[in-house]
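First comes the structure, then the notes that go with it.
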Amino acid sequence: MRVKHGFIKTLAAAAILGGMSFGAAYAQESIDLLKGQTKFNIDPHHATVLLSWNHVGLSTTYAVIREFEGALELDPEKVEDAQLSVSLKLGSLDTLEKKRTEDLQGPRFFNVASFPTATFKSTSVKRTSDTTADVTGDFTLLGQTKPLTLKVKYNKASKSDEKLLVGFDAETVIPRADYGVAALTPMVGPQVTVKISTELLAATE
């Protein structure tokens, strides 16, 4: 299924308007920069993976995953054929509180010693608006693989110093008990919200 021409125009307008404040260095900002099938890699210097969950109904606890990598293959004319893969290094999880971080990395939660990574590999993409899509894939955590859907928002494409970049935000909710991580429920919330904001850099041949 090919993307409607209006989809391309809308993304182009959003990209141009959204980038006006960045000055001449980022003058080229448009979906038109994306031509044909292109492979992108996550830029780790401009990407964040943020986790959050409820704590006894009193507050929200946050954590970041500091080390990860991922790749996206995208043709703007065939968005539904896009392919996304991500690998998260759970040993880099950090809650900014030492004891809590060690507990989460330990055997009753993420058991990092035995399962050091979590992975996501897309299986389908469904556009939900001119700038959003549901990206469904296989998510593997603690050796268990289950379907998971990312709510993805396209931000813009830009080119500077011959570097082609594209930016996205994404969000999903993981029922942790589905992967055997049920410790301290319900004191620690049963769902973990994952928010991702990333820039991806076109791969060089």
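Going by the structure shown, is Glu171 under 30 Å from Arg100 (Cα atoms), in contact (Cβ under 8 Å) with a residue 60 or more places away in the chain and among the acidic types (Asp, Glu)?
No.
Which condition does Val125 not pass, out of (1) touching a helix residue (DSSP H, G or I) at 6+ places or on another chain (Cβ under 6 Å); (2) surrounded by fewer than 18 Cβ atoms within 10 Å (Cβ to Cβ); (3) closer than 21 Å to Glu77 by Cα, if it passes all the others?
(2)
Rundown of residues vs (1) among the polar types (S, T, N, Q); (2) exposed (fewer than 14 other Cβ atoms within 10 Å of the Cβ); (3) at pLDDT 95 or above; (4) out of contact with any Leu (no Cβ under 8 Å at 6 or more places or on another chain), yes/no style:
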{"residue": "Gly106", "(1), (2), (3), (4)": "no, yes, yes, yes"}
{"residue": "Val112", "(1), (2), (3), (4)": "no, no, yes, no"}
{"residue": "Asp130", "(1), (2), (3), (4)": "no, no, no, no"}
{"residue": "Ala133", "(1), (2), (3), (4)": "no, no, yes, yes"}
{"residue": "Thr136", "(1), (2), (3), (4)": "yes, no, yes, no"}
{"residue": "Lys153", "(1), (2), (3), (4)": "no, no, yes, yes"}
{"residue": "Ser160", "(1), (2), (3), (4)": "yes, no, no, yes"}
{"residue": "Lys195", "(1), (2), (3), (4)": "no, no, yes, no"}
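Of everything in segment 184-199, what is closer than 30 Å to Leu72 by Cα and in contact with a His (Cβ under 9 Å, 6 or more places away or on another chain)? Give them in sequence order.
Ser197, Thr198, Glu199
Could you pull out the residue among Lys156, Lys151, Lys121 that is within 19 Å of the chain's Cα centre (by Cα), part of a strand (DSSP E or B) and touching a residue at least 40 places away in the same chain (Cβ under 8 Å)?
After ruling out the rest, the residue left standing is Lys156.
From the residues in segment 162-193 that are hydroxyl-bearing (Ser, Thr, Tyr) and within 18 Å of the chain's Cα centre (by Cα), which one is surrounded by the most Cβ atoms within 10 Å (Cβ to Cβ)?
By that ranking, first place goes to Thr172.
What is the one condition in (1) under 13 Å from the mean Cα position of the chain (by Cα); (2) touching a residue at least 40 places away in the same chain (Cβ under 8 Å) that Leu74 does not satisfy?
Every listed condition holds for Leu74 apart from (1).
The values are calculated or read from the model by the stated rules, or taken from the named source; none is laboratory data. Since we're looking at a predicted model, the values are computed, not measured. Because the Cβ atoms are built from the backbone with ideal geometry, glycine has one as well, and the counts that use them run over all protein chains shown.
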